[in-house]
Structure formats: structure tokens, C-alpha cells
1. Only one residue in Ala19, Ala56, Ala8 is part of a loop (DSSP other than H, G, I, E, B), within 19 Å of the chain's Cα centre (by Cα), small (Gly, Ala, Ser) and modelled with pLDDT under 90, so which one is that?
2. What are the pairs with Cβ atoms under 6 angstrom where one residue, in region 35-51, is outside any loop (DSSP other than H, G, I, E, B) and the other, located anywhere, is among the basic types (Lys, Arg)? Sequence gap at least six, or different chains.
3. Filter region 17-40 down to the residues that are in contact with an Asp or Glu (Cβ under 9 Å, 6 or more places away or on another chain) and small (Gly, Ala, Ser) and list them by number.
Amino acid sequence: MLLAGRVAIVTGAGHFASASITLSTGRYIGDGDDAGEELAARIGEISDRTDEIAPAYGLLQSERELASARNRQPAAAASR
């Protein structure tokens, strides 16, 4: 169950706990054929919690991902 304030309530066998939702800085990998291998190789960087944030709103994740992708596309591809 997701509650306001970026907290999820997790349960199991009668035990309840809260899990805080944060967003790491992440890394751009792209969508090439080797994306899975690149993800596996860089999982430490991607999950590094240094400079993580608690997003103020859900769309922030998408905004950050789109900005990262735009910053890495060749100029010709970005203008299409």
C-alpha cells in the first residue's frame, strides 16, 4: 500500500513495516542491444544512494529520465 509522503507499507505474516521511496541519481544506458549487459555491469552506479532524493511528485522520475536521454542523443536525432 502506498501512502502520501512517499512511504509504502509492506506486510507479511502479520508483520508491518514502512519502506521509504527515494530516487537515485542513476546513469544513462540507452536502449541498445547491450542495455541488459550494461545495466548488469553498472548496477552499483545506478543504485548508489549518494545524492538520492525523495521526489516531491511522481512525475519527477519521468522528467529526469527524459532529460537524461535528451542530453545524450546526437543532435540530428534530437531534432526529429
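1. Details: Ala19 fails: part of a loop (DSSP other than H, G, I, E, B); Ala8 fails: part of a loop (DSSP other than H, G, I, E, B).
Just a single option satisfies the conditions, and that option is Ala56.
2. Arg42/Arg27; Glu45/Arg27; Ile46/Arg27
3. Listed by number, the residues that qualify are Ser24, Gly26, Gly30, Gly32.
The values are calculated or read from the model by the stated rules, or taken from the named source; none is laboratory data. Just so you know, these numbers come straight off a predicted model, no measurement behind them. Cβ atoms come from the backbone with ideal geometry, glycine included; neighbour counts cover every protein chain shown.
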